[in-house]
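The values are calculated or read from the model by the stated rules, or taken from the named source; none is laboratory data. The shown structure was predicted, so the numbers you read here are calculated from the model rather than taken from an experiment. Methodologically, a virtual Cβ is constructed for each residue, glycine included, from the backbone with ideal geometry; neighbour enumeration extends over all protein chains shown. With ligands, DNA and RNA removed, areas are computed over all heavy atoms of the protein, side chains included. Shrake-Rupley method; radii C 1.70, N 1.55, O 1.52, S 1.80 Å.
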Amino acid sequence: MGSNGVERGLFLDRDGVINEEVGFLIRPEDVRFVPGIFSLCRTARELGYRIFVVTNQSGIARGYYSEEQFHRLMGWMAVEFAREGVGFDAVYHCPYHPEHGVGVYQQEHEDRKPGPGMLRRGAREFGVELAESVMVGDRCSDVGAAQAAGLRQAFLMGEMETRDCGGEFIRVRELGEVERWLVERE
């Protein structure tokens, strides 16, 4: 809970923010954590933020790996985060894709970013005030989800997106910039 008594969230995309982008990640041995992720999460927790992972997982939609394999990898990540003294409040994923999905996974869904479904679920399930919350992503779809959900601030990390995403967001090179922003806004 923040200093003003309001529950707020730090929403994190996974690939490119928590771990380095490798393309359809499923094996723990392929995980390389993005420098600064543990420090950012510890600081956010100290400032009273709940921490959520919100990730599109088209690899499930495409049949590259199963939801069970995804949950196993996230369980492994949760252990690694616990070793660093921090945890996730919830992990939300969207296994659907409107074009590349196979079978039941071929559909449009409000959880698929830029849809705000996963962020709204976090707000609903944890009493988080979206207007006081923050999103860190590496794609315009992350920025779009943050804007659609009415978040206070969206950050676009890294060099994945070269085009302008539109709307209000802050482009950052590393997670320490987000961490400093959180501290300065207290």
For this session: Considering only the stretch 14-47, state which residues are touching a strand residue (DSSP E or B) at 6+ places or on another chain (Cβ under 8 Å) and open to solvent by 10 Å² or more (accessible area, probe 1.4 Å).
Result: Asp15, Gly16, Glu20, Glu21, Val22, Val31, Arg32, Phe33, Val34, Arg45
Exercise. Looking at Val79, is it over 15 Å from Ala146 (Cβ atoms), open to solvent by 50 Å² or more (accessible area, probe 1.4 Å) and free of Cβ contacts under 8 Å to residues at least 12 places away in the same chain?
Worked result: yes
For this session: Would you point out which residue out of Gly23, Gly59 is touching a Phe, Trp or Tyr at 6+ places or on another chain (Cβ under 6 Å), farther than 28 Å from Val128 by Cα and of a type in the set (Gly, Ala, Ser)?
Result: Gly59
Exercise. Quick check: anything in the stretch 49-58 open to solvent by 60 Å² or more (accessible area, probe 1.4 Å), at pLDDT 95 or above and outside any helix (DSSP H, G or I)?
Worked result: yes
Problem set entry | Unmet requirement for His71, which otherwise passes all of (1) at positive phi; (2) exposed (fewer than 15 other Cβ atoms within 10 Å of the Cβ) | (1)
